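To start, the structure itself, in structure tokens.
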Amino acid sequence: MAQLDALLRHLRHTGGSDLHLAAGLPPHARVRGTLAPIAGLAPLDGPTLLAMLKDVAPPHLWPVFLAEHDVDFAYALQGAGRFRVNCFQQENGPAAVFRIIPETVRPLESLGVPPAVERLAHLQAGLVVVTGPTGAGKSTTLAAIVDRINETSARHVICIEDPIEFVHRSKRAVFSQREIGSHALTFADALRAAIREDPDVILVGELRDTETISLALLAAEMGCLVFSTLHTNSASKSIDRLIDAFSPEEQGHVRLMLAEALAAVVAQVLVPTADGTSRVPVNEILLKTSALPNLIRDNNTPMMVTLMQSSRAMGMQTMDDHLEQRVREGTILLDDALRYATDRARLEKLRARP
């Protein structure tokens, strides 16, 4: 455990986000989005790594890893913080990724997200989906939104996660944080119970299956404010993903539920800053208007880009809008922005600007 703890402290000290361990390879760290081996360290052999992981895994979850070859849990290390851990088996033996969880929830203003994201904390009901690739800061943004709720309103907030990441201390809100595996068997089980626990706000770590999606929509229709995440890269693709999770026979009904329940979709990526010292969020924001339910019911997701472009005064924006803004203000480089752009030709025109 001493070796692993030293690696985690090194990750924290260097400002890294993820520690990658794999049999046959030296430890790697992701720092400011770049993954590289940690200098001076030899490759880990399988038995050594397996022993390291067993030392930090909760005893009741180690048999799960041995049987299913994949397990998630959280690990706390004094002086270094909390880490979300995924252990798995791969071709050359055991492997694991440790993602650092900040010890305190960062205020929304410090994240650099648009003001419209802060306003989501003041919604009373509906489904809010934060979407983006792994490592895009979805959990950090959601934690900041929930913390704003905690600061501003006396509501019952139920967080259902696998594992628990940010630990929220009650300010004005009352928190119930439940971990899959320790406090409930599945997201669907925990969400079904949450509906009966007088919730005002429910955070569901991920919309993983049709039952969880259905229950999240039901809770939103019943008047709860529900937050969750998906792994898609745009608002329209998030809506398609939610509906396509169901059989063709069910999709019509789900489309009607989603049209009524969806309050917002926030897509997020993290892009390196122009000076290379950090990363900043770039967001696409789709908010509920009188037009949005009709677009969902009519399966007209392509028109959502037009809706976002015509509703900028409300705080909506496309990913390309925000990328262009970040480039113009000098926050990010054009070449980095092009990696995430949908309309690359639009951004290429910035090269010719005076």
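The values are calculated or read from the model by the stated rules, or taken from the named source; none is laboratory data. Keep in mind the model is a prediction, meaning the values are calculated, not measured. Note that each Cβ is placed from the backbone with ideal geometry, even for glycine, and that neighbours are counted across all protein chains shown.
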task = Answer yes if at least one residue in the stretch 164-174 is aromatic (Phe, Trp, Tyr) and more than 26 Å from Asp244 (Cα to Cα), and no otherwise.
result = yes
inquiry  = Out of the residues in the stretch 154-199 meeting the condition of being acidic (Asp, Glu) and assigned to a loop (DSSP other than H, G, I, E, B), tell me which one is surrounded by the fewest Cβ atoms within 10 Å (Cβ to Cβ).
reply    = Asp198
message = Every residue in the stretch 253-273 that is free of Cβ contacts under 8 Å to residues at least 60 places away in the same chain and aliphatic (A, V, I, L, M), please.
response = Val254, Leu256, Met257, Ala259
Every residue from the stretch 340-354 that is touching a helix residue (DSSP H, G or I) at 6+ places or on another chain (Cβ under 9 Å), outside any helix (DSSP H, G or I) and surrounded by fewer than 16 Cβ atoms within 10 Å (Cβ to Cβ) = Thr342, Asp343, Arg353
ask   = Picking from Val130, Val117, which residue would you name as being at pLDDT 95 or above and over 13 Å from the mean Cα position of the chain (by Cα)?
value = Val117
key: Residue among Ala264, Ala259, Ala245 that alone is within 16 Å of the chain's Cα centre (by Cα), closer than 23 Å to Asn300 by Cβ and not polar (S, T, N, Q)   = Ala264
query = With Leu127, Leu120 as the choices, which residue is closer than 30 Å to Ala313 by Cα, assigned by TED's automatic domain parsing to the domain that holds Leu230 and in contact with a Leu (Cβ under 6 Å, 6 or more places away or on another chain)?
reply = Leu127
key: In the stretch 86-142, residue surrounded by the fewest Cβ atoms within 10 Å (Cβ to Cβ) [restricted to those that are among the charged types (D, E, K, R) and not in a strand (DSSP E or B)]   = Glu91
inquiry  = Can you pull out every residue in the stretch 200-215 that is surrounded by fewer than 18 Cβ atoms within 10 Å (Cβ to Cβ) and in contact with a Ser or Thr (Cβ under 6 Å, 6 or more places away or on another chain)?
reply    = Glu206
remark   = Within the stretch 316-339, residues under 17 Å from Ser236 (Cα atoms), part of a loop (DSSP other than H, G, I, E, B) and of a type outside the set (Val, Ile, Thr) come out as Met316
request  = Being modelled with pLDDT of 95 or more, of a type in the set (D, E, K, R) and over 23 Å from Thr212 (Cβ atoms) narrows it down to one of Glu324, Glu260, so name that one.
outcome  = Glu324
inquiry  = Of everything in the stretch 223-269, what is touching a Lys or Arg at 6+ places or on another chain (Cβ under 8 Å) and surrounded by fewer than 20 Cβ atoms within 10 Å (Cβ to Cβ)? Give them in sequence order.
reply    = Thr232, Ile243, Arg255, Leu256, Ala259
